[in-house]
Structure formats: structure tokens, C-alpha cells
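The values are calculated or read from the model by the stated rules, or taken from the named source; none is laboratory data. In this text the structure is predicted, and so the values were computed from the model without any measurement. When we count neighbours, we look across all protein chains shown, and the Cβ atoms used for this are built from the backbone with ideal geometry, even at glycine.
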Amino acid sequence: MSATGPLFDKLLVANRGEIACRIIRTCRRLGIRTVAVYSDADARAQHVLQADEAWPIGGPRPQDSYLRGDAIIAVALRVGATAIHPGYGFLSENADFADAVAAAGLVFVGPSGESMRRMGSKAGAKDLMAAHGVPVVPGYTGEEQAGARLKAEADRIGYPLMVKAAHGGGGKGMRIVNASDEFAAALESCQREARNAFGRDRVLLERYVATPRHIEFQVFADAAGQTIHLGERECSAQRRYQKVIEESPSPFLDATRRAAMGAAAVAAARAIGYRNAGTVEFIVGPAGDFYFMEINTRLQVEHPVTELVTGQDLVEWQLRVAAGEALPLAQDALVQRGHAIEVRLYAEDPDRGFLPGSGRLGRLVLPTPSAQVRIDSGVVEGDIVTIFYDPMIAKLIVWDVDRTAALARMRDALADCDIVGPKSNVDFLERLLRHPRVVDGTIDTGFLDRHLDQVLPPPEAPSPLRLAAAATACLLDEEASTRRAARASSDPHSPWAFADGWRLGHAGVRLLRLGWQDQDLALRAHGAAGGYRIEHVPGKGGPAAIKTADVADGAVAPDASGRDWLTAKIDGEALRFRCRVDARRVLVHDGERRLVLARLPAFETGDAQAAGRGDRITAPMPGRVVLLRVAVGDSVAEGQELGVMEAMKMELSLKSPRAGTVAEMRAAAGDFVEADALLVRLQ
């Protein structure tokens, strides 16, 4: 679909991160000038750099910037913008903001405030849907909230049931009750959480559907009342009510169920006089029974999967409808083909309860975009994931001819990812995409909360094959680095310029130290040029995962897309690994699992190096300062531990290189630092 001219002269994007960049991308194609707004924390963010102009709106906290509707509208009026796109999150579902935009004479790219208010109360929304023939979960949505009345209604509905905050969201204010004698305590807990989170403690009761699926339909409506859906998205892979994998079409629906749910979604949108993009979410039982859950009155995070299977740009649809145009296509003109899957790459630590992370992205390698691989991101290598906002790094979306092929393509795309800096969920996603319940399409919304241990098993020591591959990659990298240095020297043909360990009077031997988790593994290597015998050094710590390995024909070479591949015969078996090596780490990926090891100085053993020389204690590699044991003015002894860093799942002991007095502290516990950053200085 091509534009015949700009729909708006200038549009302000009232958001940040990947969704702001994604909106800007469509506007640029349509010839619409864009205005970004930014907080103090986002002054150099990608959405600021990509927009035609950008304006500050306040401090780093959302309430001081991206939630300040008055400041955003003031910028729009100042710069002559004619429309505001809210993206998702922040003010996107704020009815008062939508009304204020309209009152200022600007176009809000989304539904009216009135439509949002109709969906603001879960109880009122359920009643409205039921009145328009949309299936709803049996329950109680009444105004009377006395404990005795609620208990009587719960007994009437039957158990298990769910108590839900009527004005809640995001998984807060929800309790499952399995028996009548559990109801009073669950009700009190739910009401208390609802008061704290939303300021109102009204609840509704509904039958609890065991092992449900979450399937949602993308709907669109124009000003003339034409309303259609663009198919469904399956979002059943969830953790604590947060979506982890989204795909379209659903592997569960057949043509009959799809038609019935699509019709119900359209009826739901019409019931509230909806306009623009929205998502009707359903809970689906194992037998295919489905019930209305809610309408999200905005663009969804997972909208790209719908775009890939329909070939439509939903942001362009939003802009055209907001400009008063009719829907670009009628229902019977929409064609879906193939299968699309989306995952979200987050700066979070799955091994620590998915604790959100922050810090500088020292390395950010993502798959090369193509017709079958799409990257939506708001950061690039070198950017900082801040503590103030959602720690999403990128959305990775793939398309292929069917679900089996799409799953394979997603696994391949994840294998291409490499993130250094804050911890990420890449390894977790790789495991999840291979779980049988995901592969066969039978996962339900509670599966991960019940069986997270199946996707996050205890860490296993590196297998001998993968460890030998990592060592081979390091040895080849050493040799290549030495050859490059020799070519730049005054004597490029000197025999001393080869990193093969050869010396007069004895065979070549090289020592390697590789760090994995909190363990330090020492290896001894004989040979050169891709042919090695690799041995574990007894008594030098670390898992003895490899006694000896014979490597032949080892080589690293790029493919057509620039990815490096290690090929080698290890103990006679021909193997191929994705490979990335630098001075501080090595990554090898065998197609199913990744192994990342730290490269440590060869002649230092035991605790991590006392990072520094003379008066300076520096960070040995990028990581997080866990703790510092000294302060300015403290006297320290040689070898005394001054602090601890965490890098690549290893704890590194920071030791004093000499006795002295602490003159300066350049870091604090919790800081993320780059390699060689000064941490402590002695007098």
C-alpha cells in the first residue's frame, strides 16, 4: 500500500524505545515529519536521533516525563504537530490524555477517550460484552461488595474461581481460590493489593478456566463504523501473566473456531463504538470454549507477527484511520499466509528470578534483517539500558511458510544473538523454543509458572566437545592476532612471531585459562595451525570436563552474511560451531546450546586477577560491581580483597597490587563498568 501524500504534516510520538523508532520508520516512508520527546535519561536515545526533531520533557522517571500529558501536548503545539501517536504503555490507554489531545485541536492516533472508559472497568466491560452476545466467563460483576454477598456468589459460581480487581491490570489483584474455606483470605489479600496498586478495591468473581490458552484478535475500525479483524495471535507462553512467545496463526484454532472468535472480536469492538487499532483478548479452554477477557485499546507489543502474516503495516493503518480515511481493506480482502513468531529480548537475569538489568551494551549482535527476519529495537551497541524503563533490548520476529519452519528460523536467529553488558534472556529463550510443549503447540498460560525448572535447569559443566571447540577458537585467535602483529612489525618473517608455543629445545606448549560460572579452568595445548592436543591441567581448579581432546583441521571463516564459523575434527568427529572470539571472551554455539567463557590471563590461577598495576585497581572486564570492602583512607595489605565484580556469571575478586592507603573510589556497589575502568586508586 503506498501513500498518495502525507496524511499529517508533522506527528509527535509520545513514547520512547523500540515502539517510537518503529512509528518513526513508517512515518518516514509516508513522508510525515516526526517529533520525538525525551526524558533526561534518553537525551541520546535512538528515537531521539531518528526523529526529525526532538524536545526534552522532564526528568528520567516516567511520572516526570513520558506520563506528563500536559508537557507533551505543549511541545506538539509549539512545533506545529497536527497529531500525536501514543505507542503502547505510558499514556496510550489514558482516556483523559486522549480527550486533552482532542481538546487541543490535535488528532489522537487511537480510540476515543469514551471508548477507553468503557473498557476501564473490567466489570462494566464484561456486562457490556454479554449484552452484545460476546461470550464471557460465568461470574459476578455486581456493585455490592459486602463480604457475605461475595462469598455467596463464589459458592454459586463454584470452585476453582478467580478473584480479580475490577480496575486492575498487569497481573496485579488476582487470586485463584480452590475451595470455599479459602475464599475469605484470598478476597482480603486481593482487595488489599488492589487498593495499593489502583486506589480502588472493587473485585469481580469469575470461573477459573484450568490450563487455559490466551488467544487475541487484532481488530480495526474506521470512523464510518466499518470493523474487521486481521486474525489471531497465540500468546499462551507466559510467565506471571507476562507474554514470552507470540505467534500467528494459533496452532490450536481450526477454521470453525477461528471464524467464531473473529466474529466475537468484531462484535466486541462494535459494542464500544471502537475506532482505530485494538486487541480483543480471549481466554480459551482445553475444549475450545472461549470467553472475552478484555480489549486493549492500543497497538500491542506483538503486532509485528500480524504484520508479517498479513503483509500490512498496522501503524500506517492507524494513521490513515486517524486521518479520517476508510479502512484500507475489507474483511474478505485480507489474506494471511505462512507463520510468524515473536520473542522479546530483555536485559534480565533468568537465573535470579528474571531480575531486570541495566548497563551499557558493550556488544549487541542481532541477526541480519531480511524478508524472513525482522528486528524492532530502540537501542544499538554502546547504548545504555537504563533503570528507569522497561529493560527490553529488541523484539525478534521471524516468518516462514509454516510453523515448523518458523520455529527453526527463530532458533537460528536466536543463535545469532550475542549480548554483552547486562545479562539477557537469550539462553532462556533458546531453551524454551526447544521445549516439547512449545514445539507441539500445547503450552497453556500457567505452564511456565508450574514448570520453570524445565526451562531453567541447574547449570551443567561444559561438555568436552564444546570446551575443546572453545579452546580451539581461542588458539586460532591467538595465532591470527600474532600474525597480524607480525605483518605490521619490522620483521614479519621472524619465527618468534608465531603463537605456536615453539621454543628451542622443547615442543610447543601453550596454557589457556577459561572462566565458566565461578570456576577457573586451566588447559594445556600442544600444536598449532588448527591441529592440537588439548589437556586439562590437573590441580588448577575448574571442572575436569575434558581430559584430552585431539583437534585436527581447525579453522575459523566467515559465511556470506559475515558470521564466523569454527570447523574442526574433534576426536575424529567433524563439527561446526558459530563462533565469536575477542580478547576477553569466547562464544561457541553448536546449533542448540551456546557456551560463553571468559578468557583469563594464562599465568594467573586461583582467584581472579588483582585487576590493576601499581596504584590502580581496574575492572578486568565489563561487569557489575557487587561490593567494595574499603573506603577512602583505609589501609590495605598486598593481596587484600578490595571488592568483588560479577562478569559473565563469574565473581571476580579485586585485590590490592601492593600495601598502601586508599586515595580514591571511582565506583560503588551496583555500578556497571567497562573493562579497564578505574575502580580504586591507592596513594
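Numbers below:
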| item | result |
| --- | --- |
| Top-ranked residue in segment 578-597 [being assigned to a loop (DSSP other than H, G, I, E, B) and not acidic (Asp, Glu); ranked as farthest from the chain's Cα centre (by Cα)] | Ala583 |
| Residue in segment 414-422 that is closer than 24 Å to Phe282 by Cα and surrounded by 22 or more Cβ atoms within 10 Å (Cβ to Cβ) present | no |
| Candidates Ala76, Ala95, Ala81, Ala100, filtered to the one that is farther than 30 Å from Leu205 by Cα and without any contact (Cβ under 8 Å) to a residue 60 or more places away in the chain | Ala100 |
| Number of positions in segment 628-683 that are assigned to a loop (DSSP other than H, G, I, E, B) and within 26 Å of Pro356 (Cβ to Cβ) | 11 |
| Scope segment 265-288; condition among the hydrophobic types (A, V, I, L, M, F, W, C), in contact with a Gly (Cβ under 8 Å, 6 or more places away or on another chain) and crowded, with 21+ Cβ neighbours inside 10 Å; matching residues | Ala269, Ala277 |
| Some residue of segment 44-53 being polar (S, T, N, Q) and crowded, with 24+ Cβ neighbours inside 10 Å | no |
| Residue within segment 219-229 that is assigned to a strand (DSSP E or B) and farther than 30 Å from Asn276 by Cα present | no |
| Single unsatisfied condition, Lys172 versus (1) in a loop (DSSP other than H, G, I, E, B); (2) surrounded by 22 or more Cβ atoms within 10 Å (Cβ to Cβ) | (2) |
| Some residue of segment 598-617 being at pLDDT 85 or above and touching a helix residue (DSSP H, G or I) at 6+ places or on another chain (Cβ under 9 Å) | yes |
| Matching residues, segment 331-347, being of a type in the set (D, E, K, R) and either surrounded by fewer than 16 Cβ atoms within 10 Å (Cβ to Cβ) or not assigned by TED's automatic domain parsing to the domain that holds Glu430 (or both) | Asp332, Arg337 |
| Test: residue in segment 584-594 that is surrounded by fewer than 19 Cβ atoms within 10 Å (Cβ to Cβ) and among the hydrophobic types (A, V, I, L, M, F, W, C) | no |
| Qualifying residue in segment 331-340 (condition: in contact (Cβ under 8 Å) with a residue 40 or more places away in the chain, in contact with a Lys or Arg (Cβ under 8 Å, 6 or more places away or on another chain) and not polar (S, T, N, Q)) | yes |
| Considering residues of segment 437-480 that are among the basic types (Lys, Arg) and within 21 Å of Gln242 (Cβ to Cβ) only, the residue surrounded by the fewest Cβ atoms within 10 Å (Cβ to Cβ) | Arg450 |
